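First comes the structure, then the notes that go with it.
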Amino acid sequence: MTASGLLADIADVGRDRTRGGYSRHVFDTAELDLREWFAGEARRRGLDLEQDRNGNLWAWWGGPGPDAVVTGSHLDSVPGGGAFDGPLGVVSALSAVDIMRERGVTPAKPLAVVVFGEEEGGRFGVPCLGSRLSTGSLPAEKALRLRDPDGVTFADAARRSGLDPERIGADPELVGRIGRFVELHVEQGRGLVDLGGPVAVGSTVIAHGRWRLTFAGQGNHAGATPMDDRRDPMLPAAETVAAVRRIAASAPATRATVGRLAPNPGGTNVIASTVDVWLDARGPDVPSVVRDVEAAARAAAEAEGCTVELREESWSDEVVFDPALRDELSAELGDVPALPTGAGHDAAVLSAHVPAAMLYVRNPTGVSHAPEEFAEASDVDAGAEALATVLARLSR
Ligand code: GLV
Ligand code: MN
Ligand code: MN
């Protein structure tokens, strides 16, 4: 089946009527429905499905084994995200199996299609949670204690979805099976639009991390509290949002964002008692940018008689994808260009353990993490053809 046809099959799952786009978060109804759908597609192709100890799904063509060629992506989304970020890599992998069979290719090596859990960190805050756990780059104890916005721990959510929290954690045997990993993904920028082709290979992934700043003041009555008698944490929070933009703008290769801010208790007629502000910062100068943001936040908090606490929630070093694998894929596809990205991926997590590569599919809007994210059906299908071509080569 074509990748665009498979994408159309899941187009109604997890639509977010409030925000627009899709909200599919790990182990929520929409994401579980997509896992069911994936299991059905694996069955239909005679692939052997297994869920690993961290909730990632593996569909094996030829049975699990060493030196496997693995491809796939994720089915979760950011809140109100696009239709392509994640699912495109999964439908393209399934379609690539079909294309290889139509071409009469039988892989000599085991081949697997994988769906990683919580790639966006949209529910528990740490991106690439599934691949970080399997590779051991995130300790299980830390993951089990993560909480979603409703206070549910990852341990409880995992248990409710049939996983054993005692077994969550590094899985060297599973990772040891992977010979090479290729993730196809919608491009999250305009690189391919400007280059005029449908497919590129990945070169680098920017260093990136997330921090939470908690401002604390005195909750109080909006009408009964004089303006000169307030300790309102919303003030330093707002000043910090502006400081993030200012500080990042003076560090040229830096991208820093506050996309989420939560006042507690969050009432129109209530001075907040605390405000959480999440900072996403990316680029080579992030350590000094975060230090400057923290200093600005502290000064703003003190001026309002408030306090602030900063905690790192995740960190990923810059990744340079395996140059030999990158060049091999590019050559196989007719010397397609190599593009850097400012987005994080499971392929980047895996690249510390196995040779990993990425294929990007043209996105005419250049927009991602928003409903306007897009790829033409013909480009989606060209991506799946390209993936089939490189998988056939790697699995010989
Ligand atoms: C995931 O797409 C990220 O880069 O945050
Ligand atoms: Mn994403
Ligand atoms: Mn993604």
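A short reminder: the numbers here are calculations on the coordinates, not readings from a lab. Every value quoted in this text rests on a predicted model; they were computed, and no experiment measured them. Here the Cβ is made from the backbone with ideal geometry for all residues, glycine too, and neighbour counts use every protein chain on show.
With respect to the chain, whose longest principal axis is taken over its alpha-carbon atoms, helix 29-44 is tilted by about 10°.
Scaled against the 2.2 N^0.38 Å expected of a compact globular protein of N residues, the Cα radius of gyration of segment 275-333 reads 1.83. Percent of C-alpha pairs per 10 Å bin in segment 277-396, short distances first: 10, 29, 28, 17, 10, 4, 0. Taking the three principal axes of the alpha carbon atoms in segment 1-110, the coordinate ranges are 47, 31, 20 Å, sorted in descending order. In this label model, ALA299 and ALA108 are separated by 6.4 nm, measuring between points 7 Å along each Cα→Cβ vector.
The spread of Cα positions in segment 168-288, taken along each principal axis and listed from longest to shortest, comes to 64, 42, 27 Å.
Packing-based ranking of 155-161, 377-383 yields 377-383, 155-161, ordered from highest to lowest mean Cβ neighbour count within 10 Å. When the chain is treated as a Gaussian network with alpha carbon springs shorter than 10 Å, the biggest mean-square fluctuation among ALA347, ALA384, ALA243 belongs to ALA243. Across the chain, the convex hull enclosing all Cα atoms gives 134 Å³ per residue.
Please go through segment 52-128 and write out the trypsin sites (Lys or Arg not before Pro) that DSSP classes as loop and that have at most 12 other C-beta atoms within 10 Å.
Qualifying residues, ordered by number: ARG103.
Positive end of the dipole of the chain (Cβ unit charges, origin at the Cα centre): among PRO371, VAL26, MET358, the Cα lying farthest that way belongs to VAL26.
Annotation for segment 108-128 versus segment 339-358: alpha-carbon center distance of 12 Å. Peptides 272-285, 181-194 ordered by packing proxy, namely the average of other Cβ atoms within 10 Å per residue, highest first: 181-194, 272-285.
At what distance in angstrom do the alpha carbon centres of segment 149-221 and segment 1-40 lie from each other? Segment 149-221 and segment 1-40 have Cα centres separated by 17 Å. Can you give me the angle between helix 87-102 and the longest principal axis of the chain, using Cα atoms only, in degrees from 0 to 90, rounded to the nearest 10? With rounding to tens, the tilt is 0 degrees. Here the contact order of the chain, divided by its residue count and restricted to Cα pairs under 8 Å and six or more residues apart, works out to 23 percent. With the highest mean first, a sort of the peptides 164-171, 17-24 on other beta-carbon atoms found within 10 angstrom per residue produces 17-24, 164-171.
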